[in-house]
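Accompanying notes for the structure given below.
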Amino acid sequence: MSSRALTLVLPPLTQLNTPYPSTAYLARFLADRGREVVQRDLGLELALRVYSRAGLTELFDALESEEDLPDPAWRMLALRQRYEAAVDPVVAFLQGRERGLAATLLNGAWLPLGPRAAAADLGSFGPNAREDAARHLATQWLVDLADLVTSTLDEGFALARYHPHLAAGQRDFGPLADRLERTTLVDRWLDALGDSLDTPIVGLSVPFPGNLYAALRLGRRLRARGVEVWMGGGFVNTELRNVEEPRLWACVDALTYDDGEGPLLALLEHAEGGPDRRHRTRTREGLHEAPFPDVGTTHIAHYGDLRLDGYLRLVDSTNPAHRLWSDGRWNKLTLAHGCYWKRCSFCDIQLDYISRYVPAPTRALVSAALELAERTGERGFHFVDEAAPPRAMRDFALELLERNAALAWWGNIRFERAFTPDLCRLLAQAGLVAVTGGLEVASDRLLTKMQKGVTIEQVARAAHAFTEAGVMVHAYLMYGFPTQTVQETVDAAEIVRQLFAAGVLRSAFWHRFVLTRHSGIFPDPAAFGVVLPEGAAEGDRFAENDVEHLDPEGADADRFDAPLVVALEAWKRGEGLDRPVHEWFGPGTPPTTEPPDRIALALAGESPALAGRLVWLGGEPLSTDEGLTLHGTAGPLTLRGPAEALDWIGSLCLAARPGEPPLAWNEVAPSAPRALARLLPALRSAGLVAV
């Protein structure tokens, strides 16, 4: 069998701005073992087929024979020639080419506007962000075209997902089976992409519900012409671990669980006539768990055949934190496999991707990151850790600073007390631009109950430290956690309001609690006040992760669905921060019991201790007639004092530079001159940190 016998495929649809990393991680693993694979992002390829002149011509031709169309569709059909003329330039502009088109897009005459594009808020970008405003308008223009497809030809199509409703929480395969028997124009395009796959084995990565339908359609068509089809990814890991649906095997030959590297290599060996060492793999015959050596963990991507210049720089939101997900292409990196905390009861802590913690070696990771940046031409990295460990972030930052390497990076964290102002300054100096982290319910009682391991005050102080260092902070929020009362929900919203009012959050998002089969709650629901209806604890024939549950002690979460979103959107814009929080939730809602200054008090009097490794973030100290000039992180600062003290400080700064042997405060304190006590605050503000 050829070394390029396998194609790894991302089925439609995930992000259009950057490759989802699953196939790229597997490709790196196989490349390190001398194997070559083909990679295809069929989500991007399908989108570029839809959003092309040829695609719109086919789309409008199909609509010409329709009689019952919604009003926006009639208007777009009437303007079809203008849409067909505009689509290729608009896509090129979003790919980073045709940058001069920004002015044309914003002049209001050339681009035909659908409902979303016409309502786009372009004024919020300001006069000096015209390209961003134009990309936002172009993105909404594409969304209008997606709405046209959804409302006329294919109800499951959207800009970044395809038929997610057929997979999310779906206990019955029937709706998927029925949809697979239909063929829309989008399906025909998808079928053509599947027909272009020309290796004897195809691996389909299904990270989200919005990838499953396309994966099954591709798989069924590929198997019909004799191609071996394997499927893995996040959705398979969580939803299909115990699948008993016989119709699934018409679409796939094997499912792989947990990290795909070992199962994939074992399947390849078996397909090549080697010994049957298949493990963490399910086929029509059942679950295979043969012994297999530990193959390690992949921490960095390899993009290979993927057409990186084809991805779209979408601006689907004016919120700067939300734009991280969709605007620009980010290389993917992992500091550590799994979660170092792995106790949060709502999380899938029973599964390997959370429970098995394996950190990456720092120097090798930085070397690989710099190599990838050189190869791709992109110096931005998204860490896809469940929660990036503070120590690993520190070491990564120190290594970058030691090598004088410039990268921009962001990722998910826990709001640990380890994220001191000093550490956050170090991370920002090394290129950290944003963090996302879980505040969850923002309730003392419930944070303890869910074993989150943080307090509200701790979250506030960590978020404040990042913000003061210039790092954007986004918080994940949760409501409807078991036993959460109306009062606790109102109080949680008040905490969030105070965090925005204090300026320590730039963005946040409310998630409604969902009980999953692999969470810490499921084995003992009674301990969390949860009641499972009869039969809910049993497995399903198809998807099984989401578990129906009753919460007799908790509030009706339905009443908070809309108000929490409305209030949060206002707070993100800096509006409504003086409005009593209970007023967002309608008559009869009790006022908050939280003190109005709880967050302000948590942030007052922060004085980080000088403990840990000393690092000087500034430039070369310069002795002048006026004293010692430090070119620090906030500009030049001249220290004046006894020559002995200034010489000592200059020597300390040189010894504490990244790349020098680690130096702790307790090592240098005994030799410190008496004048240091007076000069130390200025020295620290200039760029001396202890991490």
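No lab work stands behind these numbers, since they all come straight from the coordinates. Everything numeric in this text was worked out from a predicted model, so none of it was measured. Positions of Cβ are generated from backbone atoms using ideal geometry, with glycine treated the same way; all protein chains shown enter the neighbour counts.
Before moving on, here are some points about what is shown:
- Shape category assigned to segment 294-442 from the gyration tensor of Cα positions, a/c cut at 1.5: rounded
- Relative contact order of the chain, pairs being alpha-carbon contacts under 8 Å that are 6 or more residues apart, as %: 11 percent
- In the chain, helices alone account for a calculated mean residue ellipticity at 222 nm of -11500 deg cm²/dmol, with every DSSP H run of four or more residues adding -39,500 (n - 2.57).
- Overall form of segment 1-133 per C-alpha gyration tensor (a/c, 1.5; a/b vs b/c): oblate
- Label-point gap, in nm, between residue 150 and residue 53 - each point 7 angstrom along Cα→Cβ: 2.9 nm
- Here the residues 599, 413, 349, ranked from fewest to most Cβ neighbours within 10 Å of their Cβ, fall in the order 349, 413, 599.
- Sorted fewest first by neighbouring Cβ atoms within 10 angstrom, 584, 249 come out as 249, 584.
- Amide H to amide H distances under 5 Å link residue 664 with 614, where only residues 5 or more positions off or on other chains count and H is placed in the peptide plane.
- With the cut-off at under 18 Å, measuring from each backbone N in segment 17-37 to a point 7 Å along the Cα-to-Cβ line of residue 309 picks out 17-19.
- Cβ-derived FRET efficiency at R0 22 Å, residue 191 paired with residue 250, nearest 0.05: 0.90
- Segment 87-137 shape via C-alpha gyration tensor axes, a/c threshold 1.5: oblate
- Label-to-label distance, nm, for residues given as residue 110 and residue 527 (7 Å Cα→Cβ offset): 6.2 nm
- Applying both filters, DSSP loop and at most 13 other Cβ atoms within 10 Å, to the GluC sites (Glu not before Pro) of segment 599-687 gives 606, 626.
- Applying a DSSP loop filter and a limit of 15 other Cβ atoms within 10 Å to the chymotrypsin sites (Phe, Trp or Tyr not before Pro) in segment 93-176 leaves 110.
- Whole-Å distance, taken between Cα centres, linking segment 349-363 and segment 384-401: 14 Å
- Volume per residue that the Cα convex hull of segment 614-690 spans, once the total is divided by residue count, Å³: 77 Å³
- Contact order for segment 109-216, expressed relative to its length and based on alpha carbon pairs under 8 Å spaced 6+ residues apart, stands at 24 percent.
- Selection from 622, 380, 691 lying farthest towards where the dipole of the chain points positive, charges on Cβ: 622
- Taking all Cα pairs closer than 8 Å and separated by 6 or more residues, the relative contact order of segment 320-603 comes to 18 percent.
- Loop-located GluC sites (Glu not before Pro) in segment 257-363, at most 12 other Cβ atoms within 10 Å (DSSP): 272, 285
- For segment 42-115 and segment 584-636, distance of Cα centres in Å: 48 Å
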